Amino acid sequence: VNFLKAPAVNISRPPESFKKLGLRLRVPALYMDASPDIEPVDVPDDIVTVLESQYPGGLLKNDLVNEAEAATSNFFSKFCYFLRGIAKDYFQLETELITINTHLNKISDKYPSESKLFLCGPKLSLVDCEVLPKLHQVRVALAGIKDYKIPTNLVYLWRYLYSAYSEPAFVKSCPPDSEILLHWLDTEHPGSEKYSQRQQQILAASSGKEAQYSFSIPVTAKQILIE
């Protein structure tokens, strides 16, 4: 059995092993060293195609995917608008987060006895693999740059994040908070003196210290422990 590994890569400082793949500096990317005839790919649709060909029946599809995609289609663009200052406040973003919360509420009602909650049911699906990394970045980047926190009354959204933080695959492939903050400061505010100072503060605070991860959730849920 060939197992997939999902190391986090900072595209601002990619390791040599990533550079040698000859890809553009973007993630996610897929390289299968056990199958040298398969070229490395970094386009999401191509990644899905390769995985489907290598693991038929293994990709997590669901008949609720269309509803899930509709509920999550706009939140990331609203996040970018808010972070860049195009949107003057967080209301448009929060409206989209409420939409996701409402969808998750419906899913929770469909599976009342299940402890985990994802966009299409109690198990991870392909759409979760696309949404959860973005949602986690929204949480970390806005808290660190805009001092905005996802409202605690969005209980199903927090339960969704809790379910993600309980998945070893998500936890092990998640970049630390400092990498997320540095990425978005560099992406959205290049050359800004204010944010350059913030980058220096983050680098100084994280230098030589154990990486920090925002895997905490509101007190109403169980604490997540990383071994």
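Every read-out reported here was derived from the displayed coordinates using simple, explicitly stated rules and does not represent laboratory data. Worth saying up front: this structure is predicted, and the values here are computed from it rather than measured. Quick reminder, even Gly has a Cβ in these numbers, built from the backbone with ideal geometry, and neighbours come from all protein chains shown.
In a fully extended conformation the segment linking Gln212 and Thr102 would gain 36.6 nm over its present Cα-Cα distance, using 0.36 nm per residue.
Taking amide H atoms as placed 1.01 Å from N in the peptide plane, the amide H of Ser214 lies under 5 Å from those of Asp177, each 5 or more residues away in sequence or on another chain. What does the charge add up to near Ser108, with Lys and Arg as +1, Asp and Glu as -1, over the other residues with Cβ less than 12 Å from its Cβ? Within the 12 Å Cβ shell, the charges total +2. Taking packing as the residue-averaged number of other Cβ atoms within 10 angstrom, the listed peptides 41-54, 87-100, 7-20 run from highest to lowest as 87-100, 41-54, 7-20. Dipole size of the chain about its Cα centre, with +1 on Lys/Arg Cβ and -1 on Asp/Glu Cβ: approximately 620 debye, rounded to the nearest 20. Add +1 for every Lys or Arg and -1 for every Asp or Glu among the other residues with Cβ under 15 Å from the Cβ of Glu39, and state the total. Once positives and negatives cancel, what remains is -3. Among Asp63, Asp128, Asp37, the order by Cβ neighbours within 10 angstrom, fewest to most, reads Asp37, Asp63, Asp128. What FRET efficiency comes out for Ser53 versus Glu16 if R0 is 35 angstrom and r is the Cβ-Cβ distance? Round to the nearest 0.05. E(calc), rounded to 0.05, equals 0.80. Translational diffusion of the chain, estimated by Stokes-Einstein from the Kirkwood radius over alpha carbon pairs at 4 °C in a medium of 1.567 mPa s, is 68 µm² per second. If R₀ is 45 angstrom, what is the calculated FRET efficiency for the pair Gln200 and Ser113, using the beta carbon separation as r and rounding to 0.05? Plugging the Cβ-Cβ distance into 1/(1 + (r/R0)^6) gives 0.35. Length gained on full extension, Ser35 to Lys146: 35.6 nm, using 0.36 nm per residue less the C-alpha separation. Note that the range 115-128 has calculated 3J(HN,Hα) couplings of 7, 9, 9, 10, 5, 10, x, x, 10, 4, 10, 4, 5, 5 Hz, one per residue in order, obtained from phi through the Karplus relation 6.51 cos²θ - 1.76 cosθ + 1.60 (θ = phi - 60°); glycine and proline are x.
Residue pairs exceeding 31 angstrom between C-alpha atoms, taken from Lys20/Lys88; Lys146/Lys209; Lys146/Lys172; Lys20/Lys116: Lys20/Lys88; Lys20/Lys116.
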